[in-house]
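Take a look at the structure set out below.
Every number in this text was worked out from the coordinates using simple rules, so none of it is lab data. The structure presented is a predicted model; accordingly, all values stated were derived computationally and were not measured. Counting neighbours? That spans all protein chains shown, and the Cβs are built from the backbone with ideal geometry, glycine included.
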Amino acid sequence: MRAVAIRGRAGRAPEARPLRRVTAKRPHLEPIDELVSRIREASCFVPLERLALNPQCGFSNSVMGNAITAADQERKLRRVVETARRVWGEDTALHTV
């Protein structure tokens, strides 16, 4: 599974500001309300259409190892999509990176 960055209707532009609010290091699933709140806070400084939500980094294991399974990774990516749809709407564009 490839990592995804979720963007609003405008699509991914060079000036997009990704909010890496979803950790790829731990299986803990971030609450949607918390993610939405952080996006709303950021939109006070950067227009919402220029913001993106994605994991903080890739899901690959480090030498020390990350306690996160493929199922955890999928749940986190689904959470990113669900959050983006709540913030930017159902027709949110999905862009692979």
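Assorted remarks:
- Site pair residue 43 and residue 67 shows an inter-label distance of 3.5 nm when each label is modelled 7 Å from Cα along Cα→Cβ.
- Near the amide H of residue 21, within less than 5 Å, lie the amide hydrogens of 54, all on another chain or at least 5 residues away, with H placed in the peptide plane.
- Across the range 74-84, computed HN-Hα scalar couplings (Karplus, 6.51 cos²θ - 1.76 cosθ + 1.60, θ = phi - 60°) run 4, 4, 5, 5, 5, 5, 4, 4, 4, 5, 4 Hz from first to last residue, x flagging Gly and Pro.
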